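Working notes, beginning with the structure itself.
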Amino acid sequence: MPKVLSKEEIESRLAKLDGWKYEEGFLVKELTFQSFLEGISFVNRLARLAEEFEHHPDIYIRYNKVKLLLQTHSEGGVTLWDFQLATAIERMLTKSSKIKKKKK
């Protein structure tokens, strides 16, 4: 059974992940793609990755925006599994040039 991480452990690990936040018990990342189909293509690639990890994010899609939420539901919080998947998602994203930069 994985251990639920403390808020301090989560914040420390988040510093190593680009654009991820901790919100209401989840690791969260929001992405904006050039088009709806590019967002869906990303989600399809993500689905295959999640299957490999046997760990599945909550995914929300609104046109060209995709929001990911990671939590180890069986543990009721964020564990190392979530950070492992988030890191793998980041590696997958670096291979894709279809993501728009969010305006700050």
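Every read-out reported here was derived from the displayed coordinates using simple, explicitly stated rules and does not represent laboratory data. Keep in mind that what you see is a predicted model, and the values were worked out from it rather than measured. For neighbour counting, all protein chains shown are included, and Cβ atoms are generated from backbone atoms with ideal geometry for every residue, glycine included.
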- Message: Can you pull out every residue in the range 51-66 that is of a type in the set (S, T, N, Q) and more than 17 Å from residue 93 (Cβ to Cβ)?
- Response: none
- Task: Would you confirm whether any residue within the range 8-24 is within 15 Å of the chain's Cα centre (by Cα), surrounded by 15 or more Cβ atoms within 10 Å (Cβ to Cβ), among the aromatic types (Phe, Trp, Tyr) and assigned to a strand (DSSP E or B)?
- Result: yes
- Message: Six or more apart or on different chains, Cβ atoms under 9 Å: show the pairs whose first residue is in the range 15-31 and at positive phi and whose second is in a loop (DSSP other than H, G, I, E, B).
- Response: 19/102; 25/71; 25/76; 25/78
- Item | Search result, residues across the range 22-39 that are more than 23 Å from residue 74 (Cβ to Cβ) and either touching a strand residue (DSSP E or B) at 6+ places or on another chain (Cβ under 7 Å) or of a type in the set (Lys, Arg) (or both) | 30, 31, 32, 33, 34, 39
- Quick one: in the range 38-73, which of the residues that are touching a residue at least 24 places away in the same chain (Cβ under 8 Å) and among the hydroxyl-bearing types (Ser, Thr, Tyr) is farthest from residue 21 (Cα to Cα)? 41
